[in-house]
Amino acid sequence: MSAPGHFIALFHSSQMPGEIFNPNPVVFSTSKSAARQSDLLAHSLWVTDSSQSEDEADDVEPIDQDEIYDLIRSIYDPEHPNTLEELRVVSAPQVTVGPNSVKVEFTPTVPHCGMSTLIGLCIRVRLLRSLPERFKVDIFVKPGSHQSENAVNKQLNDKERVAAALENPVLLDTVEQCLSNVGARGIV
Amino acid sequence: MDVDLPYKPQWNTGHEDRAWHVAWNPAKPLLASCSADKTVRLYSYASSSNEATPGLEFQLITSIPTGHAKTVRSVAWAPAGQTLATASFDSNIGIWEKEADEWECISTLEGHETECKCIAYSASGTLLASCSRDKTVWIWEVHPDGDFETISVLMEHTQDVKFVSWHPIEEILASASYDDTIKLYIEDPSDDWYCFSTLSGHTSTVWSLAWSPGTSSYLASSSDDKTVRVWRRVAEHKWECVLVLGGHDRSVYSVSWNKAPKSVRKSTPGCLGWLASAGGDGKVLIWELSEPILEDNTSGNVSLLPPRHKLIASIPSAHGVHDVNSVVWCPREGYEDLLATTGDDGYTRVWKIVPTT
């Protein structure tokens, strides 16, 4: 029912079909997951007992920057076969975690990137699906990194627009594709 | 003032997904809520028959599978209480009436190009306003037998229109937008409806509007800038911001204003009623407002003084860890102390505001 162009209007991107915003992104090598706390946790016998996970979801347990980063680093860029980590769109220092809040800042590869709202939406969906319900998530582009910084930020943090976007089958399909490999690293 | 335990519908009556909005029937003991699960749920309420648990009992009476293809974003009752309107992200408006024992869709209003966000009946019930992400506000004339006629399409906002609300007495329409402004419209008798005023002041999306009770010379607005603003009518076609209320830590999604219970009205000179606000911080705040008093009567313009205001109740975590999407006072005489809220947890909750003594 929804035309493919629907989400473009929804997110006010000016992208024309087939247009590539950044044809030659710089790809960085990924970290080898040095001994981060989250890896230690992942190997802990306590956490691998999956039968507890339902109950634990409601418990207040601290979540750190690296865990959030692990959840989002393997999201694919919508127009490249690379992950957000490889393109350095996201990084651990750009994640801020409070007791009940998470703030993620990301860096579009080019300042005119029309995919920024889609990237932000993928990050939001990933965190919505992974984090305990008590977390309020705010997503912003890195200050100065995008020519429509305020417009992108406003859309990404408007729950009504996000809810409507996720009811658009074409857009949701695109998000799912970007999230198809997120389990590669993240601990959920 | 304190907040009594919530009158909460039974556990199995919540929506299956985020509950967006709730509307009290103005004439009958009925409450309608709507949700991302595309249903509308109707609750009835009555005094408890059990002496051990006095108070009101709420009961789910039906769940209407609206047939909307997407989220039902808002619901509105016509003033007579016979007709219910639904606004959906599928861009359509549904008009519902009870026929025999079933709620039937008697009309579907098509016209908006994208998500319809809000609908509102005028005080007389002869006009229906709707708004959408397509940046327009539509005014429909209500004819008998589920007939509607588009009488105006207002294209004044530069972004999504989030909310529409009619003045409770005069035919003045207000709209709130993602463009951070509020616009006010009236009909030119010899021409079309037009925008006669734009209220600027909020620094982000304006989510919701509420007129003061009584003569309705005030308008309250809630915003993504975390504040509630109160605007006062200083001339027939002129409103000025006279008060900014803080207290919320995240976006304020909803505001509702109603007259206070009779006992409070009697004991409070110039009482402007109770204003409730709620939002992404999960909090519900309730303010008592009253007309300003000019202390120095030698000079000064009383109309620009802020109304007196005090916080009389606060409900933290009204829906647990979830956002509160709407807060609505019961408009029925004698039930002014009842407040309904909906949340991302899918529930509708009803609160009674009672004195602390």
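Assess whether residue B:71 counts as being open to solvent by less than 10 Å² (accessible area, probe 1.4 Å) and closer than 22 Å to residue B:328 by Cβ. Here the answer is yes, as residue B:71 does meet what is asked. For segment B:147-156, filtered to residues that are over 11 Å from residue B:126 (Cα atoms) and not charged (D, E, K, R), the residue that is surrounded by the most Cβ atoms within 10 Å (Cβ to Cβ) is B:154. Any chance segment A:115-128 includes a residue that's in a loop (DSSP other than H, G, I, E, B), within 14 Å of chain B (Cβ to nearest Cβ) and open to solvent by 20 Å² or more (accessible area, probe 1.4 Å)? Within segment A:115-128 (the criterion being in a loop (DSSP other than H, G, I, E, B), within 14 Å of chain B (Cβ to nearest Cβ) and open to solvent by 20 Å² or more (accessible area, probe 1.4 Å)), the answer is no, since none of the residues qualifies. For segment B:231-259, a residue qualifies if it is open to solvent by less than 30 Å² (accessible area, probe 1.4 Å), touching a residue at least 60 places away in the same chain (Cβ under 8 Å) and farther than 22 Å from residue B:340 by Cβ, and the qualifying residues are B:242, B:243. For segment B:84-94, the condition holds for at least one residue, the condition being that it is farther than 22 Å from residue B:339 by Cα, more than 14 Å from chain A (Cβ to nearest Cβ) and in contact with a Cys (Cβ under 7 Å, 6 or more places away or on another chain). Scanning segment B:316-340 for residues that are part of a loop (DSSP other than H, G, I, E, B) and either among the acidic types (Asp, Glu) or under 18 Å from residue B:81 (Cα atoms) (or both) yields a total of 9.
Given the structure, is residue B:72 over 30 Å from residue B:217 (Cα atoms), in contact with a Cys (Cβ under 8 Å, 6 or more places away or on another chain) and within 14 Å of chain A (Cβ to nearest Cβ)? Even if it seems obvious, please write down each step before you answer.
Working: over 30 Å from residue B:217 (Cα atoms): yes; in contact with a Cys (Cβ under 8 Å, 6 or more places away or on another chain): yes; within 14 Å of chain A (Cβ to nearest Cβ): yes.
Yes: the conditions hold for residue B:72.
Among residues of segment A:141-179 being surrounded by fewer than 19 Cβ atoms within 10 Å (Cβ to Cβ) and more than 28 Å from residue B:90 (Cβ to Cβ), the one that is nearest to the other protein chains (Cβ to nearest Cβ) is A:150.
Just to be sure, is residue B:264 crowded, with 19+ Cβ neighbours inside 10 Å, out of contact with any Gly (no Cβ under 7 Å at 6 or more places or on another chain) and modelled with pLDDT under 95? Spelling it out, residue B:264 is indeed crowded, with 19+ Cβ neighbours inside 10 Å, out of contact with any Gly (no Cβ under 7 Å at 6 or more places or on another chain) and modelled with pLDDT under 95.
As a summary of the residue check, residue B:78 satisfies the conditions (1) small (Gly, Ala, Ser); (2) open to solvent by less than 20 Å² (accessible area, probe 1.4 Å); (3) more than 18 Å from residue B:15 (Cβ to Cβ); (4) free of Cβ contacts under 8 Å to residues at least 60 places away in the same chain except for the one numbered (4). Residue selection: residue B:171 fails the criterion of being over 24 Å from residue A:155 (Cβ atoms), among the acidic types (Asp, Glu) and part of a strand (DSSP E or B). Screening residue A:97 with (1) open to solvent by 20 Å² or more (accessible area, probe 1.4 Å); (2) among the hydrophobic types (A, V, I, L, M, F, W, C); (3) within 14 Å of chain B (Cβ to nearest Cβ) gives one miss only, at (3).
Okay, residues lined up against (1) away from chain A (no Cβ under 14 Å); (2) open to solvent by 10 Å² or more (accessible area, probe 1.4 Å); (3) within 25 Å of residue B:327 (Cα to Cα):
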{"residue": "B:113", "(1), (2), (3)": "no, yes, no"}
{"residue": "B:121", "(1), (2), (3)": "yes, yes, yes"}
{"residue": "B:133", "(1), (2), (3)": "no, yes, yes"}
{"residue": "B:141", "(1), (2), (3)": "yes, yes, no"}
{"residue": "B:145", "(1), (2), (3)": "yes, yes, no"}
{"residue": "B:158", "(1), (2), (3)": "no, yes, no"}
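The values are calculated or read from the model by the stated rules, or taken from the named source; none is laboratory data. Just so you know, these numbers come straight off a predicted model, no measurement behind them. Cβ sites come from the backbone with ideal geometry, for glycine too, and all protein chains shown count toward neighbours. Only protein heavy atoms, including side chains, enter the accessible area calculation; ligands, DNA and RNA are left aside. Shrake-Rupley method; radii C 1.70, N 1.55, O 1.52, S 1.80 Å.
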